[in-house]
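Below is one structure, written out as structure tokens, with a few remarks after it.
What follows draws every value from the coordinates through simple rules; no lab data is involved. Quantities reported herein were computed from a predicted structural model and do not represent experimental measurements. Because the Cβ atoms are built from the backbone with ideal geometry, glycine has one as well, and the counts that use them run over all protein chains shown.
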Amino acid sequence: MVYLDYNATTPLCPEARQAMLPLLDGVYGNPSSIHSEGRRARAVVDDARDRLAAVMGVKAHELIFTGGGTESCNLGVIGLARAHAPKGRHIITSAIEHHAVLHAFEYLKHFEGFDVGILPVGGNGIASPEILAAMIRPDTTLVSVMHANNETGTIQPLRELSEICRDRGVLLHTDAVQTFGKIPVSPADLGVSALSISSHKFCGPKGVGALFLAAGVALSRTAHGGAQENTRRPGTENVEGIAGMAAAAEAISFNGSPHLLREQLWEGILDACPAAVRNGDPERSLANTLNVSFPEMDGEALLIGLDLEGVCASSGSACMVGSIQPSHVLLAMGIAPATAMATVRFSLGRDTTESDILHAIGAVCNVVANQLLPA
């Protein structure tokens with residue numbers, strides 16, 4: 001089986017597994033308990049926080065551990081919007097955000113009376129800093145724009161966006177779930193007030209993530225029932241998961257092979273199907289992500305056919321499993337609904353080889369040829 005769905009999730013790296021295994025049997029205390037077993041668990045959490053903070057270039061107290069990327073984005077968006085509502089209730093997000101952000105904005109609009117502005121993107125999937133500047137009002141308090149899109153891999157001009165927000169006194173949250181572990185991610189360099197990551201996207205365990213919150217920025221909790229994470233996120237910490245996430249973050253290495261293999265895959269697909277269309281901006285994209293539309297073809301049949309050929313790919317966000325709607329990301333980029341429905345996302349990872357790419361190219365050739373055969 002050739003796995004080309006790394007944007008959905010990644011295999012656990014050896015470093016994370018090694019960090020977690022001893023804790024499953026040997027450290028079972030509640031990190032909030034004051035006895036010796038509790039203190040041992042607390043030490044693991046504190047050590048992991050320090051190590052992850054060092055990787056990100058932030059202060060340890062600026063990290064809030066969460067149950068994953070979705071919770072991190074919800075806490076960042078809803079927590080910041082509520083905390084700063086006395087200054088204004090106008091908030092902005094982009095049209096191509098993951099639903100962890102979009103649905104949080106929709107909630108704030110429909111249930112808490114916030115005024116939501118939607119920042120459009122161009123045909124390449126990139127948001128315009130000039131348009132954002134024009135959208136910001138005196139009562140705007142929060143902007144949330146993802147670092148890179150999970151479907152197309154397109155990287156947003158966050159530094160330019162953050163400068164606009166800073167000059168207007170507006171907070172900027174970014175969903176960096178797809179970038180952390182693929183490219184260097186520094187909250188200071190990006191100029192953001194808050195940043196969300198998810199462990200299982202960079203070869204750590206599932207069910208754990210983190211929110212970076214810049215020192216001095218107010219945040220309202222979105223859950224209640226405990227004083228953990230400096231009262232910002234209640235609930236007993238996932239000790240093993242947090243340790244695994246920190247170890248995975250430290251094990252990250254960046255190299256150019258995903259880019260070379262991605263281009264090889266695209267060239268092979270284009271040979272098999274000259275009508276194929278590449279979505280997004282190849283010059284401003286994650287090196288591992290290739291989003292391709294196959295006009296006039298059945299997208300679901302393409303994915304099933306690839307699976308039968310031994311290739312795991314997807315149509316977009318894994319969080320929208322079971323959805324038969326065209327991708328909101330592609331629609332926002334101006335792609336026709338029928339074409340958006342006939343789209344496959346290939347995402348490569350640290351274990352992807354040239355042999356995998358050759359297998360995938362052959363699989364695409366076979367599946368496309370079968371769809372082109374007369375009924």
FRET E, pair residue 250, residue 95, Förster distance 41 Å, beta-carbon r, rounded to 0.05:
0.70
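Nearest 5 percent is fine: what portion of the DSSP beta bridges confined to the chain is antiparallel? All intermediate terms of the calculation are to be shown ahead of the outcome.
Details: 21 of 40 bridges.
Of the beta bridges lying entirely in the chain, close to 50 percent run antiparallel.
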Dipole size in debye (nearest 20) for the stretch 14-250 around its Cα centre, Lys and Arg Cβ +1, Asp and Glu Cβ -1?
340 debye
Could you identify which residue out of 182, 59, 201 has the top mean-square fluctuation in a GNM of the chain using Cα springs shorter than 10 Å?
59
Give me the orientation-averaged projected area of the Cα convex hull of the stretch 14-250, in nm², one decimal.
12.4 nm²
Mean-square fluctuation maximum in Gaussian network of the chain, Cα pairs under 10 Å, restricted to 192, 329, 55, hits 55
Residues in the stretch 224-252 that a label on residue 9 would reach, taking backbone N under 19 Å of a point 7 Å out along Cα→Cβ
238-249
Pulled fully out, how much extra length does the chain show between residue 160 and residue 270, if you take 0.36 nm times their separation in residues and subtract their Cα-Cα distance?
36.2 nm
Ordered by number, the chymotrypsin sites (Phe, Trp or Tyr not before Pro) in the stretch 1-53 that occupy a DSSP loop and have at most 16 other Cβ atoms within 10 Å are 28
Across 233, 278, 49, the residue with the highest GNM fluctuation in the chain (Cα network, 10 Å cutoff) is 278
Straight-line reach from residue 201: which aspartates and glutamates fall under 13 Å, measuring Cα to Cα and dropping same-chain residues less than 8 apart?
5, 175
